[in-house]
1. Show me, bin by bin at 20 Å from 0, the whole-percent P(r) of the protein assembly as shown based on Cα pairs.
2. Roughly how big is the range B:13-73's charge dipole about its Cα centre, with Cβ charges of +1 (Lys, Arg) and -1 (Asp, Glu), in debye to the nearest 20?
3. Could you tell me which of A:51, A:25, A:6 has its Cα farthest along the dipole of the range A:1-51 towards the positive end, charges placed at Cβ (Lys, Arg +1; Asp, Glu -1), taken about the Cα centre?
4. Sort out the exposed loop trypsin sites (Lys or Arg not before Pro) in chain A (DSSP loop, at most 11 other Cβ within 10 Å) and tell me the longest stretch that has none.
5. Taking the Cα centre of the range B:109-227 as the origin and placing charges on Cβ (Lys, Arg +1; Asp, Glu -1), which of B:185, B:124, B:217 is farthest toward the positive end of the dipole?
6. Going 7 Å from Cα along the Cα-Cβ axis for the label, what nanometre distances separate residue B:113 from the same residue across the other copies?
7. What does the average come to when, for each residue of peptide B:8-15, you count the partner chain Cβ atoms lying within 10 Å of its Cβ?
8. For the range B:120-227, what is the number of Lys pairs with C-alpha distance below 21 angstrom, counting only pairs 8 or more positions apart or on separate chains?
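What follows is calculated from the coordinates using simple rules that are stated; it is not laboratory data. Just so we're clear, the structure is a prediction, and the values are computed from it rather than from any experiment. Cβ: placed from backbone, ideal geometry, glycine included. Neighbour counts: every protein chain shown.
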There are 2 protein chains.
Amino acid sequence: MEVRQHLSQLDLFKGLTAEQLEAITGTVTEKDYRKGELIFAEGDEGVGFYLVIRGRVKVYKLSAEGKEQIMHIFGPRMPFAEVPVFAGSRYPANAEAMESSRLFFFPKKSFITLIQENPLLAMNMLASLSQRLKQFSNLIETLSLKEVPGRLASYLLYLSDKNGSIDEFKLDIAKSQLASLLGTIPETLSRIFAKMGAREIVSIKGPEITILDREGLEDLAEGNTKL
Amino acid sequence: MEVRQHLSQLDLFKGLTAEQLEAITGTVTEKDYRKGELIFAEGDEGVGFYLVIRGRVKVYKLSAEGKEQIMHIFGPRMPFAEVPVFAGSRYPANAEAMESSRLFFFPKKSFITLIQENPLLAMNMLASLSQRLKQFSNLIETLSLKEVPGRLASYLLYLSDKNGSIDEFKLDIAKSQLASLLGTIPETLSRIFAKMGAREIVSIKGPEITILDREGLEDLAEGNTKL
DNA sequence: CGCTGCGTTGAGCTTCTTCAACGATCGTGG
DNA sequence: CCACGATCGTTGAAGAAGCTCAACGCAGCG
């Protein structure tokens, strides 16, 4: 029923005509996932891509010893797993629902048809992939060129930004998941939070963060300062 | 003169008609760069994208202390810097010619027009970006989940593959550049090469590599073994 | 011939991880 | 509603991995 309603609000389908939206609607499948449920695994055949309607999804890789690196967290209105639609045919990472989530599924084959008949849709998809590429660049930079305190500082500033550049906000994910996103482990993250608290750069009460010294935090993020 | 000749051989323009190629040819500029010359810097206005005709180009980020992380090395027939054409407007990293190089430059504005009139070109570009995304996923995995010996082992196996799965080959870049690509520094790389030599996993004579124990190398790459 | 850039080696140190124990919190079933 | 278990987070001590700094060899090139 409201599939079409959803579609019309998405950046990916921005500017499309009613008929075009209708055509896309016909190809979509709705899927629900429980918290912790696996959506696909690395190496699975990539039969299509997804779009988050409700909930959140993490896309991640695992090391031989089981360490997890989160590549990206997707929330409502964000498409993911587009890569195998256009290159190769297998998913290059794992995807799991972080909460009870509702997704739309777009089968590869029909989507390719749609995109070929629809230059605007192609442009939107190009924009989406380019955006992702930029985010991956940032992740690479962060992992390789910053130490953990710098990564955490960057993330906190990013979160603050997302909340309207306000100084008080809540972590949007569990700390253990944040550790995985920042390419470290919970113990290390915990110690760094403790140090940042001791220096009165931020105050931490559970998931509640208050930035006390934004300048100090920015210096950390830039690597101008050490903890 | 031979601009059109070049274009017809590229994956990016695969399947296009003669007229379409002609239209693209009209928008292209040829540019030459000397070894070490900067092509663009992070934050520069992204006025278009490039394609390598001859030579090699590294795209990299720099940390506050000047450490370099190479994101990607582009050789002949490979396009780069497409991101600002489709998302945002600034280059997210630096680009420099590693050798004397000849590039084609495609201005953003005219290329967008071309792509909108040309679904096949759009598909090719989507494939190219998706490919890049996959490579970035691998880099993230490698940087975050493998230790340096594992990264080096992976790279050597990749090189061997590229040369037809043969056991003897030459490093295609300087060791200091390899260090930067693997997210480490020359000293560390050198020590690990020495260890791999001592264990008779590979033999190293300057840039000449011989794989002596492929299985051992694969175990290292998978993280099943330590040095 | 000497300079310059690249690569190697050693010693010491910083950062991060590992392993272990413990505390807090939350949801659930009795 | 309480108690329990599970998950999550914190803290300490020890160790590993990689980085910094410094010195030096070597090759290529002006």
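1. With 20 Å bins starting at 0, P(r) equals 22, 55, 23, 0.
2. 380 debye
3. Sorting the options by dipole projection puts first A:6.
4. In short, A:35-225.
5. B:185
6. 3.3
7. Average neighbour count from other chains, rounded to a whole number: 0.
8. So the count of such lysine pairs works out to 14.
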